[in-house]
Amino acid sequence: MKPTFRTHFSEEHPNRPGLWLSRRKNYIAVLQVDDGDIERDKRQNGAWLDGEWGAHIELVDRDVVPLDRRKVQEHLDAALSDAHAAKESGQVEALQGIREALIGNRLELPDAAPEEPMPEEPKPSA
């Protein structure tokens with residue numbers, strides 16, 4: 001999944017570590033500002049982190065599933081297939097219930113391959 005970001009728009013100079021949106025002349029960048037950058041900027045009276053600052057960008061989450069029906073279905077189908085392949089019937093049933101509630105139907109899973117009987121060993125002849 002793609003990371004999800006929250007953007008805090010402001011014109012303030014970077015005052016905390018993180019990702020910051022900056023414009024210098026015709027160049028717009030996202031910069032990783034750390035504590036050392038902030039301290040050096042204070043020592044140089046704002047000359048280290050020069051430019052126009054527009055936002056602080058905060059990483060919110062990395063595993064957010066968008067509430068788009070197709071994306072939810074893809075995510076559930078992949079989880080169902082993995083659980084079915086691992087023969088985790090309890091997890092399969094739980095995921096099938098979620099899929100039925102959200103999508104409206106259950107995923108058709110292939111039947112488990114029947115276990116082949118072991119060939120009988122030939123009896124020794126007397």
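The values are calculated or read from the model by the stated rules, or taken from the named source; none is laboratory data. Everything numeric here is computed off the predicted structure, so don't read it as measured data. We place every Cβ from the backbone using ideal geometry, glycine too, and count neighbours over all the protein chains shown.
See the values below:
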item: Considering residues of region 1-17 that are modelled with pLDDT of 80 or more and not hydrophobic (A, V, I, L, M, F, W, C) only, the residue surrounded by the most Cβ atoms within 10 Å (Cβ to Cβ); result: PRO14
item: The lone exception for LEU76 - which of (1) at pLDDT below 85; (2) of a type in the set (A, V, I, L, M); (3) assigned to a helix (DSSP H, G or I) it fails; result: (1)
item: Evaluation of ASP50 against (1) assigned to a loop (DSSP other than H, G, I, E, B); (2) surrounded by fewer than 13 Cβ atoms within 10 Å (Cβ to Cβ); (3) in contact with an Asp or Glu (Cβ under 6 Å, 6 or more places away or on another chain); (4) not aromatic (Phe, Trp, Tyr) (one fails), failing number; result: (3)
item: Any pair with Cβ under 7 angstrom, 6 or more apart, that starts in region 36-58 at a residue that is free of Cβ contacts under 8 Å to residues at least 60 places away in the same chain and ends at one that is in a helix (DSSP H, G or I); result: TRP48/ASP37; TRP48/ARG40; TRP48/ASP41; LEU49/ASP37; LEU49/ASP41
item: So TRP20, is it free of Cβ contacts under 8 Å to residues at least 40 places away in the same chain and surrounded by 12 or more Cβ atoms within 10 Å (Cβ to Cβ); result: yes
